[in-house]
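Dumping the structure here so I can ask a few things about it.
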Amino acid sequence: MALIDCASWKPQSDGFVFAYRFPQTNLSTYTQLIVYESQEALLFSKGQLMGKFGPGKHTLDTENIPLLRNLFGIPFGGKNPFTAEVWIVNKLYPANLSWSITSMAVHDADYQTMLPLQAEGQYGIQVSNSEKFLIKMVGTKEVFTESDMLSQAYGEFASKSKSAIIQFMTGQRVGFKSISAHLDALSNYIRTNLQPFWEDYGLTMTRFYINDISIDTSTAEGRKISEALASQASMSITGHSWQQEQMFGVANNAVDQIGNVGGGNGLLAGIMAMNMMGGGGMGAGMGAGLMQPHNNQPTFSGMQQGTMPQGGMPQNNAQPVVKEVYCANCSKKHLTTERFCPHCGNEYNPCPRCGSDNMKSARRCVSCGTPLQQAPQANAGAGVTCASCGAQITPGAAFCPHCGSPQSITKGNVCPRCGATIPQTSKFCPKCGQKI
């Protein structure tokens, strides 16, 4: 078998190569070893390190390698053969190695719940102790690349990275909303925790960066949480509540069904859509209720909690307190001491029981159901009696509501249609045009 005259290595791979083993082992005391810049060569024989060589041209003789005489009994002079392995280590320090971790459950300080997070970034690493690196990390591989580094160290690397991130976010009480502002401090914290791990393999971490921390959407739970956070951000920007978001969806579905369902059902769907959207007429009352957010509504208005007895009448010793309510018109918050909404100018119409703002046309409070408009008094027709049965009737009524007898309408009475007073000389109601 021919002896090797020269041993060297120039990286040809597209990826980064940390270490390379020269394929031939038949060396001699005349073999030339060429080591390029940013490289270090190590010579092993019979499991023992024979020597290290820095950049330059070296002859593998007994003067450069005194252990040759002990291992092989090689005398001085002559072309003496011996068997050894030449390892060449790349001493460059790439700073663009990628890393990522997933399935990281963190109890978030902002949302006070567990969030599934993922993180990704880049790091840089350099071989600081070639002998320790070859023995503990490389082993029997002939070429040790970037992918070999990641696959071999990923388990411990990911475990330590997850622990460092969770400890930082929990100890510093940094939530998901503000974590992006702490990426630099978090990167330094993780690098400090990972440094002993790499040093144990003869490596030094020169750089470590976290580029992004986001919700892990690889699971159904993560996708649901991501959608919820996106919906919350959208509602915060547009200024509507979760209740209104649900109402909009129901109303849109009802509107879509108008064209698909004919006859009375189509009309019913249209009426439902009007009610949901809070339109005028018959939709005003119901729409006002749906548009009024129910979350964080005060349970009392102008009174301290616990001073509102059964029946809705406040005690004399109740002290006024200032609370926030949602405007029935624009659904934005304002104080109970403000008579008009500072956002839209709508007049504050409080419920006498709970203090929630209501539309002027609302018959009942949208929060507690307390009646807001009084029914007509039962004795409103006092002074006018039926000619047949003598019961009291409403002035201007055409028929008695008790016995059904027709009533004569005389001039000077009130209009049976609108209740307006009719002058003696009028033949028609001056307000609604009813013929007398």
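Does PRO371 count as modelled with pLDDT of 75 or more and farther than 30 Å from SER236 by Cβ?
When the stated conditions are applied, PRO371 passes them.
Under 7 Å by Cβ, and 6 or more places apart or on different chains, what pairs join a residue from the range 140-168 that is under 28 Å from ASP184 (Cβ atoms) with one that is surrounded by fewer than 18 Cβ atoms within 10 Å (Cβ to Cβ) and small (Gly, Ala, Ser)?
What qualifies is GLU146/GLY15.
What are the pairs, 6+ residues apart or on separate chains, where a residue within the range 176-201 that is touching a residue at least 40 places away in the same chain (Cβ under 8 Å) has its Cβ under 7 Å from a residue that is of a type in the set (Lys, Arg)?
Pairs that qualify, where the first residue is touching a residue at least 40 places away in the same chain (Cβ under 8 Å) and the partner is of a type in the set (Lys, Arg), are PHE197/LYS160; TYR201/LYS132; TYR201/LYS136.
Right, next: Taking the options ASN90, ASN64, name whichever one is free of Cβ contacts under 8 Å to residues at least 40 places away in the same chain and either out of contact with any helix residue (DSSP H, G or I) (no Cβ under 6 Å at 6 or more places or on another chain) or acidic (Asp, Glu) (or both).
Every option except ASN64 fails the conditions.
Okay, moving on. Could you tell me which residue of the range 67-83 is nearest to SER147 (Cα to Cα), considering only residues that are part of a loop (DSSP other than H, G, I, E, B) and free of Cβ contacts under 8 Å to residues at least 40 places away in the same chain? Full working, then the answer.
From the range 67-83, those part of a loop (DSSP other than H, G, I, E, B) are 73-80; that's our starting set.
This time we only want the ones that are free of Cβ contacts under 8 Å to residues at least 40 places away in the same chain, so: 73, 75-77.
Values: GLY73: 41, PRO75: 44, PHE76: 44, GLY77: 44 Å.
Residue satisfying both the conditions and the ranking: GLY73.
If you go through the range 38-53 one residue at a time, how many are under 13 Å from GLU131 (Cα atoms) and either assigned to a loop (DSSP other than H, G, I, E, B) or of a type in the set (D, E, K, R) (or both)?
Residues flagged as under 13 Å from GLU131 (Cα atoms) and either assigned to a loop (DSSP other than H, G, I, E, B) or of a type in the set (D, E, K, R) (or both) within the range 38-53 amount to 3.
Then there's this: For the range 120-147, enumerate the residues that are of a type in the set (D, E, K, R) and either surrounded by 18 or more Cβ atoms within 10 Å (Cβ to Cβ) or touching a Phe, Trp or Tyr at 6+ places or on another chain (Cβ under 6 Å) (or both).
LYS136, GLU146
Here's something else I'd like to know. Given the conditions (1) modelled with pLDDT of 85 or more; (2) within 29 Å of CYS330 (Cα to Cα); (3) in contact with a Pro (Cβ under 8 Å, 6 or more places away or on another chain), and given that GLN244 satisfies all but one, which numbered condition is not satisfied?
GLN244 satisfies all of (1) modelled with pLDDT of 85 or more; (2) within 29 Å of CYS330 (Cα to Cα); (3) in contact with a Pro (Cβ under 8 Å, 6 or more places away or on another chain) except (1).
Quick one: which strands (runs of 3 or more DSSP E) sit completely within the range 84-158 and have at least 1 residues that are charged (D, E, K, R)?
Counting at least 1 such residues, we get 85-90, 114-127.
Quick check on the range 89-102: of everything there that is in contact with an Asp or Glu (Cβ under 6 Å, 6 or more places away or on another chain) and polar (S, T, N, Q), which residue is farthest from THR217 (Cα to Cα)?
SER100
Scanning the range 51-105 for residues that are in the same structural domain as GLN39 (by TED's automatic domain parsing), in contact with a Leu (Cβ under 8 Å, 6 or more places away or on another chain) and among the small types (Gly, Ala, Ser), which turns out farthest from GLN24 (Cα to Cα)?
Among residues in the range 51-105 that are in the same structural domain as GLN39 (by TED's automatic domain parsing), in contact with a Leu (Cβ under 8 Å, 6 or more places away or on another chain) and among the small types (Gly, Ala, Ser), the one farthest from GLN24 (Cα to Cα) is GLY51.
How many residues are in a loop (DSSP other than H, G, I, E, B), at pLDDT below 85 and under 20 Å from THR62 (Cα atoms) when one looks only at the range 1-37?
Residues that pass the stated criteria total 5.
Another question, then. For residues that are among the β-branched types (Val, Ile, Thr) and under 15 Å from ALA95 (Cβ atoms), scanning just the range 117-143, find the one that is nearest to the chain's Cα centre (by Cα).
Among them, the one singled out is ILE125.
The values are calculated or read from the model by the stated rules, or taken from the named source; none is laboratory data. Please read all numbers here as calculations on a predicted model, not as lab measurements. A quick note on method: Cβ atoms are made from the backbone with ideal geometry, for glycine too, and the neighbour counts reach across all protein chains shown.
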